[in-house]
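What follows is one structure encoded as structure tokens, with my remarks underneath.
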Amino acid sequence: MKAESWERSNLKALRPQKGSPKILLDPIPMTRHGDSVEILLSQSEALVLFEWLAKRGDQDDELSADQAEQQVLWKMEGQLESTLDVIFAPDYLERVSAAKKAILGE
């Protein structure tokens, strides 16, 4: 089956909080291969996503109640952990901070 590519074109901006500026999002390239979806992230995006997943995994809240969703999130976290060598760096938190700034264009 031929791979189809698409972008999150329908998601143009995050919902801003009152008084905050609108943040425009660059589309994240995605490719569909039959039953699978491939998501292409930059190193900064992958690091920020990993950090969020790791923090979220440490929380016991209502959001983690759905077992199917939790399994998908754990799988993503594990795949990112095995891919990102920076997570074991002594300056990991500084790198996460720099990745967040890079994403926000600061």
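The values are calculated or read from the model by the stated rules, or taken from the named source; none is laboratory data. Since the structure is predicted, the reported quantities are computational estimates derived from the model, not experimental observations. For neighbour counting, all protein chains shown are included, and Cβ atoms are generated from backbone atoms with ideal geometry for every residue, glycine included.
Results for (1) outside any strand (DSSP E or B); (2) in contact with a Leu (Cβ under 7 Å, 6 or more places away or on another chain); (3) at pLDDT below 55; (4) assigned by TED's automatic domain parsing to the domain that holds LEU84, shown as yes or no for each residue.
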site	(1), (2), (3), (4)
ASN10	yes, no, yes, no
SER20	yes, no, yes, no
ARG32	no, no, no, no
ALA46	yes, yes, no, yes
PHE50	yes, yes, no, yes
ALA68	yes, no, no, yes
Single residue of the range 87-106 satisfying the filter (surrounded by 10 or more Cβ atoms within 10 Å (Cβ to Cβ) and among the small types (Gly, Ala, Ser)) that is farthest from ALA54 (Cα to Cα): ALA102
Scanning the range 73-86 for residues that are within 15 Å of the chain's Cα centre (by Cα) and of a type in the set (D, E, K, R), the one nearest to ALA54 (Cα to Cα) turns out to be GLU77
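Look at LYS55 and say whether it is at pLDDT below 85 and among the basic types (Lys, Arg).
Details: at pLDDT below 85: no; among the basic types (Lys, Arg): yes.
Criteria not met by LYS55.
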